[in-house]
Amino acid sequence: MNHNHFLVKPDAKIKLKDFDSSYTGKFNSGEEAAAKLEKDVARLRKYQDILYATNTYALLIIFQAMDAAGKDSAIKHVMSGVNPQGTEVFSFKTPSAEELDHDYLWRCNKALPERGRIGIFNRSYYEEVLVVRVHPEMLNSEQLPHECLKGIWETRFEQINNFERYLVQNGIHVLKFYLNVSKEEQRQRFLARIERPDKNWKFSLADAKERGHWDDYMKAYEDAFRSTSTKWAPWYIIPADNKWFTHVAIADLIIAKLKSLKLAYPTVSEQHLKELLIAKAALENEP
């Protein structure tokens, strides 16, 4: 799969309308993609096992998207085969009173994955340059000093870049996915949530109201991508109108990242090998 098709190059001034949300690459059907995903889930399970065993690197995967783009579905399907002991998922909702009493990175910082683990953020600190930018009145609840408000978006972009560079320099690699759903596909998914009783819980009037800010969100995302897609933590814009392609594209990118780390199971010392042989002999000779 050509990953450059999804990559936002550093400092690139992009328009989301130029990215085809219905793109499916070489796949002509969901069945073809499902066959590849099944193999990739098995490969991901193997890489995760080695990552856990080496206990050196960690991987942070960030999902951002408009409502109904399929973040939950992507996490569920792509990570379906991994060991729960080595994976942590955090969903970041509206900040609590405690979280608002800290800097905006605090709640995400304390949820970072340990070495050997994969951490998944369903939304993240990027909400602070997306939702808060579309609704700047939300800054009032953050109780920031007046001088911190000047040029706040550019400042936060710089802080985020420095934060992610720090993570990578300390062995926590960062993958960032934006699930690019079209406005029409979102409308259809909203209608499905309203019409199906088992999906009603996933929809609220607030979701419909946020849809009215669609253009503002697109501008906020475009600016965020231009300012925070870096060599050390790039953004990937994943077509999301067809969930089956979304899943296979994300899995392929995660596997490529883990493969690039050149992971291998830890080797043991000669002394450890001798101890293993002694233990083996003792076990085999038990009465």
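The values are calculated or read from the model by the stated rules, or taken from the named source; none is laboratory data. This is a predicted model, so every value here is computed, not measured. When we count neighbours, we look across all protein chains shown, and the Cβ atoms used for this are built from the backbone with ideal geometry, even at glycine.
Counting only residues that are modelled with pLDDT of 90 or more, among the small types (Gly, Ala, Ser) and assigned to a helix (DSSP H, G or I), region 172-211 holds 1 of them.
Considered as a group, the residues in region 62-113 that are in a helix (DSSP H, G or I) and small (Gly, Ala, Ser) include one that is farthest from Ala240 (Cα to Cα), and that residue is Ala97.
Check whether at least one residue in region 208-230 is free of Cβ contacts under 8 Å to residues at least 24 places away in the same chain, under 27 Å from Ile160 (Cα atoms) and of a type outside the set (A, V, I, L, M, F, W, C), and report yes or no. Yes, that holds for at least one residue.
Being of a type outside the set (Ser, Thr, Tyr) and either buried (at least 16 other Cβ atoms within 10 Å of the Cβ) or in contact with a Ser or Thr (Cβ under 9 Å, 6 or more places away or on another chain) (or both) is not true of Ala42. Considering (1) in contact (Cβ under 8 Å) with a residue 60 or more places away in the chain; (2) touching a Lys or Arg at 6+ places or on another chain (Cβ under 9 Å); (3) over 30 Å from Glu158 (Cβ atoms), the lone condition that Phe203 does not fulfil carries the number (1). Restricting attention to region 57-104 and to residues that are free of Cβ contacts under 8 Å to residues at least 60 places away in the same chain and small (Gly, Ala, Ser), the residue that is surrounded by the most Cβ atoms within 10 Å (Cβ to Cβ) turns out to be Gly86. Pairs only if they're at least six apart or on different chains, beta carbon under 8 angstrom, first in region 263-274 and closer than 21 Å to Arg117 by Cβ, second of a type in the set (Val, Ile, Thr); list them, first residue then second. Every condition considered, the pairs that remain are Leu263/Ile50; Leu263/Thr54; Ala264/Ile50; Ala264/Thr54; Tyr265/Ile50; Tyr265/Thr54; Pro266/Thr54.
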